[in-house]
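I have placed the structure first, in the form of structure tokens, so that the comments after it can refer back to it.
The values are calculated or read from the model by the stated rules, or taken from the named source; none is laboratory data. Computed from a predicted model, the values in this text were never measured in an experiment. Reconstructed Cβ throughout: ideal geometry from the backbone, glycine too, with neighbour counts over all protein chains shown.
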Amino acid sequence: MSVDIHSSKKVAFYTLGCKLNFSESSTLSREFSRYGYREVEFHDSPDIYVINSCSVTDNADKKCKKIIRKALSNSPNATIAVTGCFAQLNPETIAEIPGVDFVIGADQKSQLPELIKNIDRKSKQKVFHTKINNVEHFFPSYSFSEKVAYHHYDDITANDRTRSFLKIQDGCDYSCSFCTIPLARGKSRSGSIDEIKNQIIFLVSQGIKEIVLTGVNTGDFKTQDGKRFYDLLCEIENMKESFRLRISSIEPNLLEDDIIQLSAVSQKIMPHFHIPLQSGSDKILNRMRRRYLTGLYKERIEKIKSLIPHVCIGADVIVGFPGENENDFSMTCHFIKNLDISYLHVFTYSERPQTDAISLNDSVPQKIRSERSAILHELSFQKRMFFYNSFQGQNMEVLMEAENKNGFMYGFTKNYIRVRIPYDPLLVNELVWLILDKNNMGIKLKIENRK
């Protein structure tokens with residue numbers, strides 16, 4: 001399709017939340033280009049804004065509303081379409097926000113460009129939405145775009161052509177008491193192995209050197225003919241193409257021995273796991289309705305470290321969950337201190353409508369939640385510094401990225417140590433060998449910033 005960029009309409013994206021949202025926004029941007037739209041930056045007065053929302057926390061809801069107001073300020077006559085988890089959970093609420101033209105639910109997300117093209121914004125119908133129990137469609141997605149704005153993680157840049165987030169799974173059949181995701185994403189469903197392999201072949205042919213497998217519950221990947229996540233990893237391992245492979249996150253109860261053993265000998269799977277913990281108190285894990293207790297979590301970490309000693313392991317932790325008393329939090333701190341993990345992602349519990357946890361007794365005051373969050377952030381910092389320091393003096397391979405940040409460029413080792421060196425455009429998307437030290441690992445800078 002030939003498009004005249006001077007006459008085509010302009011579209012801009014703003015993506016909140018997870019890496020799965022990022023991969024979907026990137027795919028939508030490519031679909032818009034097929035319909036003759038030209039993608040621009042958020043501030044470039046586009047004709048259409050697409051806001052891909054999140055609803056994991058109350059702050060994500062508020063951020064979505066703030067972005068809508070900012071979009072209207074930038075381009076008062078723009079069409080504004082809101083999709084994503086917040087849009088699926090609260091379509092009528094969003095439709096009532098001044099300036100919002102379309103609200104697109106989970107099942108209609110992949111049709112968004114066609115809907116916007118064919119529906120008059122003056123139409124009375126603003127909400128395109130299917131009840132989540134009826135959502136069965138799997139929307140294949142991968143990130144490969146230069147302008148999709150993304151605001152959450154520091155390992156994604158707006159012009160990231162080095163790494164691609166490849167969606168292999170969507171939805172969740174779990175019923176964690178704090179989580180809205182099953183209500184926003186629906187039941188677990190997956191792509192086909194052949195389709196995923198073809199997407200990888202294309203991405204590698206375009207110069208992508210690292211693929212991150214992502215999903216709502218990635219380890220729950222299963223095809224209609226019964227193939228599981230381990231089978232997918234084996235198929236990818238046997239591909240002739242050369243690339244790095246990461247697993248974005250995997251539940252401890254789904255991280256089976258065969259996956260760990262394959263990762264230990266793999267030529268593609270990077271020595272890096274992110275494994276949600278949420279609490280170091282079995283009482284709280286039961287209240288959260290998690291599918292494991294601390295004993296299993298500890299055993300999984302020990303199994304991984306025994307086979308892959310240099311591995312980087314991250315964990316998610318929620319603080320301030322209802323009923324978390326001082327003893328529970330102390331148990332969490334003690335458990336984490338004694339775990340051989342490398343960093344934490346710390347989340348402060350946020351009451352979410354339509355979840356069971358909102359009706360639990362013994363709410364933790366916000367002040368205490370903030371104090372506990374600060375304690376775990378400090379523990380995470382100490383864990384990360386210990387992990388980084390253990391590799392000082394080692395010669396490691398680093399995949400360098402495109403962003404020029406204050407004269408420096410950044411990259412990651414195989415085991416997810418973030419390294420910085422003076423910017424050199426010739427090193428973008430290149431694998432370089434570096435002897436790690438306090439300067440290129442940013443240890444001195446991190447300590448100074450803490451002060």
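Taking segment 339-363 as the range and being among the β-branched types (V, I, T) and either more than 25 Å from I275 (Cβ to Cβ) or touching a strand residue (DSSP E or B) at 6+ places or on another chain (Cβ under 8 Å) (or both) as the test, the residues that pass are I341, V346, T348, I358.
If we keep just the residues of segment 310-326 that are outside any strand (DSSP E or B) and touching a residue at least 12 places away in the same chain (Cβ under 8 Å), which is nearest to the chain's Cα centre (by Cα)? Here the answer is V311.
Beta carbons closer than 6 Å, at least 6 apart along the sequence or on distinct chains, pair a first residue in segment 111-126 that is in the same structural domain as E31 (by TED's automatic domain parsing) and modelled with pLDDT of 85 or more with a second that is in a loop (DSSP other than H, G, I, E, B) and among the hydroxyl-bearing types (S, T, Y) for P113/Y35. What pairs come out if I take residues in segment 220-233 that are of a type in the set (D, E) and modelled with pLDDT of 95 or more and pair them with residues that are buried (at least 16 other Cβ atoms within 10 Å of the Cβ) and assigned to a strand (DSSP E or B) whose C-beta lies under 7 Å away, six or more apart or interchain? Partner pairs satisfying both residue conditions: D220/Q169. Among the residues that make up segment 209-231, is at least one of them surrounded by fewer than 20 Cβ atoms within 10 Å (Cβ to Cβ) and among the hydrophobic types (A, V, I, L, M, F, W, C)? No, there is no match, as no residue in segment 209-231 is surrounded by fewer than 20 Cβ atoms within 10 Å (Cβ to Cβ) and among the hydrophobic types (A, V, I, L, M, F, W, C). Looking at segment 329-346, which of the residues that are assigned to a loop (DSSP other than H, G, I, E, B) and without any contact (Cβ under 8 Å) to a residue 40 or more places away in the chain is nearest to A374 (Cα to Cα)? So, considering only residues that are assigned to a loop (DSSP other than H, G, I, E, B) and without any contact (Cβ under 8 Å) to a residue 40 or more places away in the chain, the one nearest to A374 (Cα to Cα) is N338. A residue that is of a type in the set (S, T, Y) and surrounded by fewer than 14 Cβ atoms within 10 Å (Cβ to Cβ) cannot be found anywhere in segment 38-59. The combined condition, being at pLDDT below 95 and either hydroxyl-bearing (S, T, Y) or within 21 Å of S177 (Cβ to Cβ) (or both), is not fulfilled by R291. Please verify whether S266 is closer than 19 Å to F412 by Cα and of a type in the set (S, T, Y), treating the condition exactly as stated. Answer is yes for this residue. Please indicate, with yes or no, whether at least one residue in segment 198-205 is among the aromatic types (F, W, Y) and touching a Leu at 6+ places or on another chain (Cβ under 9 Å). No, that holds for no residue.
For segment 373-403, a residue qualifies if it is exposed (fewer than 15 other Cβ atoms within 10 Å of the Cβ), polar (S, T, N, Q) and in contact (Cβ under 8 Å) with a residue 12 or more places away in the chain, and the qualifying residues are N389, Q392, Q394, N395.
Within segment 30-37, can one find any residue that is in a helix (DSSP H, G or I) and surrounded by 19 or more Cβ atoms within 10 Å (Cβ to Cβ)? Yes: one or more hits. Within segment 407-443, the set of residues being in a strand (DSSP E or B), of a type in the set (A, V, I, L, M) and surrounded by 17 or more Cβ atoms within 10 Å (Cβ to Cβ) comprises M409, V419, L434. Filtering segment 10-19 to residues that are surrounded by fewer than 24 Cβ atoms within 10 Å (Cβ to Cβ) and either aliphatic (A, V, I, L, M) or at pLDDT 90 or above (or both) leaves K10, Y14.
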